[in-house]
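**Q** Here's a structure for you.
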Amino acid sequence: HQRDSFYENNLIQLLQEALKIVKNQRFIHLYSNEIVIFCKFLYLGLTTLLGSRTLGEEYVDLLYVTKGGRKLPKLLKRLSFILSYAILPYLLKTIASKLSKRNDPASYDDNNEKDKVNYLIKNSSSLS
């Protein structure tokens with residue numbers, strides 16, 4: 001699905017530009033995976049969830065239908081497809097990473113970059 005990748009990448013770039021204005025470049029760097037996942041979810045939500053086809057699906061003339069082959073799947077099934085495609089792999093990877101860190105004493109690290117940034121952001125208002 002080259003066409004889908006093209007539009008997902010455009011969506012990522014637009015969101016990153018907007019976040020650069022609202023937040024900063026460091027935020028974009030720290031949450032780059034989450035931005036990509038959100039854009040994938042957004043693209044599929046705006047197409048598949050609403051009942052239309054993505055550009056890649058249109059290009060190859062692909063249409064999701066029920067087992068009977070006559071109707072589009074219900075909203076809940078389309079939503080579960082999007083969640084399992086876009087969000088579930090990210091959640092599983094995050095959980096597996098946390099579990100492996102929990103079981104590996106050598107991985108305990110007080111220098112977690114995200115925690116530092118969140119601490120600084122939270123406490124920067126008290127410094128002013």
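The values are calculated or read from the model by the stated rules, or taken from the named source; none is laboratory data. It should be emphasised that the depicted structure is a prediction, and the values quoted were computed from it without experimental measurement. Note: ideal-geometry Cβ built from the backbone for every residue, glycine included; neighbour counts use all protein chains shown. With ligands, DNA and RNA removed, areas are computed over all heavy atoms of the protein, side chains included. Shrake-Rupley method; radii C 1.70, N 1.55, O 1.52, S 1.80 Å.
**Q** Can you tell me which residues in the range 60-83 are in a helix (DSSP H, G or I) and of a type in the set (Phe, Trp, Tyr)?
**A** Result: 81, single match.
**Q** What tally of residues in the range 10-25 results from selecting those that are touching a helix residue (DSSP H, G or I) at 6+ places or on another chain (Cβ under 6 Å), polar (S, T, N, Q) and over 14 Å from residue 37 (Cα atoms)?
**A** 0
**Q** Next question, about the same structure. Within the range 77-85, can one find any residue that is closer than 23 Å to residue 12 by Cβ and of a type in the set (S, T, N, Q)?
**A** yes
**Q** Report yes if residue 87 is in contact with a helix residue (DSSP H, G or I) (Cβ under 8 Å, 6 or more places away or on another chain) and at pLDDT 90 or above, otherwise no.
**A** Considered against the rule, which asks whether it is in contact with a helix residue (DSSP H, G or I) (Cβ under 8 Å, 6 or more places away or on another chain) and at pLDDT 90 or above, residue 87 comes out as yes.
**Q** For residue 37, indicate whether it is β-branched (Val, Ile, Thr), part of a helix (DSSP H, G or I) and under 23 Å from residue 15 (Cβ atoms).
**A** Against the criterion (β-branched (Val, Ile, Thr), part of a helix (DSSP H, G or I) and under 23 Å from residue 15 (Cβ atoms)), residue 37 qualifies.
**Q** Select, from 8, 57, the only residue that is surrounded by 13 or more Cβ atoms within 10 Å (Cβ to Cβ) and either at pLDDT below 90 or not in a helix (DSSP H, G or I) (or both).
**A** Residue meeting the stated conditions: 57.
**Q** Quick one: would you say residue 93 is part of a helix (DSSP H, G or I) and open to solvent by 70 Å² or more (accessible area, probe 1.4 Å)?
**A** Spelling it out, residue 93 is indeed part of a helix (DSSP H, G or I) and open to solvent by 70 Å² or more (accessible area, probe 1.4 Å).
**Q** Taking the range 61-80, which residues are touching a residue at least 12 places away in the same chain (Cβ under 8 Å) and open to solvent by 70 Å² or more (accessible area, probe 1.4 Å)?
**A** Selection gives 64, 72, 75.
**Q** Looking only at the range 32-54, which residues are of a type in the set (Ser, Thr, Tyr) and either crowded, with 16+ Cβ neighbours inside 10 Å or touching a strand residue (DSSP E or B) at 6+ places or on another chain (Cβ under 6 Å) (or both)?
**A** 43, 47, 48, 54
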